1. Find the residue count for the stretch 146-165, including only residues that are surrounded by 22 or more Cβ atoms within 10 Å (Cβ to Cβ) and under 19 Å from residue 123 (Cβ atoms).
2. If only one of 18, 52, 75 is touching a residue at least 40 places away in the same chain (Cβ under 8 Å) and in contact with a Phe, Trp or Tyr (Cβ under 6 Å, 6 or more places away or on another chain), which one is it?
3. Hey, does the stretch 74-86 have a residue that's over 29 Å from residue 179 (Cβ atoms) and of a type in the set (S, T, N, Q)?
4. Scanning the stretch 33-61 for residues that are surrounded by 22 or more Cβ atoms within 10 Å (Cβ to Cβ) and among the acidic types (Asp, Glu), which turns out nearest to residue 18 (Cα to Cα)?
5. Does residue 112 meet the test of being under 16 Å from the mean Cα position of the chain (by Cα), touching a residue at least 60 places away in the same chain (Cβ under 8 Å) and more than 19 Å from residue 20 (Cα to Cα)?
6. Every residue in the stretch 135-188 that is aliphatic (A, V, I, L, M), within 17 Å of residue 79 (Cβ to Cβ) and modelled with pLDDT of 95 or more, please.
7. Quick check: anything in the stretch 90-109 assigned to a loop (DSSP other than H, G, I, E, B), crowded, with 16+ Cβ neighbours inside 10 Å, under 13 Å from the mean Cα position of the chain (by Cα) and in contact (Cβ under 8 Å) with a residue 12 or more places away in the chain?
8. Can you tell me which residues in the stretch 1-55 are in a loop (DSSP other than H, G, I, E, B) and of a type in the set (A, V, I, L, M)?
Amino acid sequence: MSEYRVDIVFPCLNEAGALPWLLGRLPEGYRAIVVDNGSTDGSAEIASSAGATVVHETRRGFGAAAHAGLLHASAAIVAFCDADASMDPQDLPLVVDPVAAGEADLVLGRRRPTTAGSWPLHARIANTTLSWRLRRITGVNIYDLGPMRAARREDLLSLDLQDRRSGYPLEVFLKAAARGWRIREVDTPYAPRVGRSKVTGTVRGTLTAIGDMSRLLKEAGR
């Protein structure tokens, strides 16, 4: 049994500039699990010196890092958040509290940009298209498959998640919806990230993510 109420998983690849601020803003009772995915900028050492639990995942991919963090977690509730400082850990209770209260099984943070440059246009268009498709095929009222989310650890493990790339969050959502989980979306502030995004910061990265997600939808027959 973990001494922490919540384990928060931060998949991390070269986020040295963001980690000190990020790890200094954890709510009480939350443990940071930083999953280093092959960083070359000292991210792992910075995270460790800031008191985070560091897990090393050599297989590249967002899903690989996220799942490694889930497997390492021991708290009853596990949350996920990007390690780029685009989202404030102080807002984690927005997604965690409904799960802790038994009001929802999976809570997703709907990104609400704090400035015009927080969310590139091509990424917003891709997200809007994906969200519309997910609403249509699942009936779940979702508008953003955002990077901040929370659920109970045992529930997440029961989904038998297989994707190890950009499709990991989508696989969580699709399997949760198929099982009739109570899925809730809450507004969460979204600021410009520190450094350049590996996914939404480039058109190529966005297209790669779309490809991964399209494959998952096709495999699911949707």
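1. Taking the stretch 146-165 and keeping what is surrounded by 22 or more Cβ atoms within 10 Å (Cβ to Cβ), we get 146-151, 156, 163.
Pick out the ones that are also under 19 Å from residue 123 (Cβ atoms) and you get 146-149.
The qualifying residues number 4.
2. Values: 18 fails: in contact with a Phe, Trp or Tyr (Cβ under 6 Å, 6 or more places away or on another chain); 52 fails: in contact with a Phe, Trp or Tyr (Cβ under 6 Å, 6 or more places away or on another chain).
So the residue among 18, 52, 75 that is touching a residue at least 40 places away in the same chain (Cβ under 8 Å) and in contact with a Phe, Trp or Tyr (Cβ under 6 Å, 6 or more places away or on another chain) is 75.
3. Step one: filter the stretch 74-86 for residues over 29 Å from residue 179 (Cβ atoms), giving 84-86.
Checking the rest, the ones that are also of a type in the set (S, T, N, Q) come to 86.
Yes, that holds for at least one residue.
4. 36
5. On the way: under 16 Å from the mean Cα position of the chain (by Cα): yes; touching a residue at least 60 places away in the same chain (Cβ under 8 Å): yes; more than 19 Å from residue 20 (Cα to Cα): yes.
Considered against the rule, which asks whether it is under 16 Å from the mean Cα position of the chain (by Cα), touching a residue at least 60 places away in the same chain (Cβ under 8 Å) and more than 19 Å from residue 20 (Cα to Cα), residue 112 comes out as yes.
6. Residues of the stretch 135-188 aliphatic (A, V, I, L, M): 137, 140, 142, 145, 148, 150-151, 156-157, 159, 161, 170, 172, 174, 176-178, 183, 186.
Going one step further and asking which of them are within 17 Å of residue 79 (Cβ to Cβ), we end up with 145, 148, 150-151, 156-157, 159, 161, 172, 176, 183, 186.
Selection gives 148, 150, 151, 156, 157, 159, 161, 172, 176, 183, 186.
7. Of all residues in the stretch 90-109, those assigned to a loop (DSSP other than H, G, I, E, B) come to 92, 101-105.
Subset that is crowded, with 16+ Cβ neighbours inside 10 Å: 92, 104-105.
Filter once more, keeping what is under 13 Å from the mean Cα position of the chain (by Cα): 92.
Then keep just the ones that are in contact (Cβ under 8 Å) with a residue 12 or more places away in the chain; that gives 92.
Taking every residue of the stretch 90-109 in turn, at least one turns out to be assigned to a loop (DSSP other than H, G, I, E, B), crowded, with 16+ Cβ neighbours inside 10 Å, under 13 Å from the mean Cα position of the chain (by Cα) and in contact (Cβ under 8 Å) with a residue 12 or more places away in the chain.
8. Of all residues in the stretch 1-55, those in a loop (DSSP other than H, G, I, E, B) come to 1-5, 13-18, 24-29, 37-42, 50-52.
Across the stretch 1-55, the qualifying residues are 1, 13, 16, 18, 26, 50, 52.
The values are calculated or read from the model by the stated rules, or taken from the named source; none is laboratory data. Because the structure is predicted, anything quoted here is derived from the model rather than measured. For neighbour counting, all protein chains shown are included, and Cβ atoms are generated from backbone atoms with ideal geometry for every residue, glycine included.
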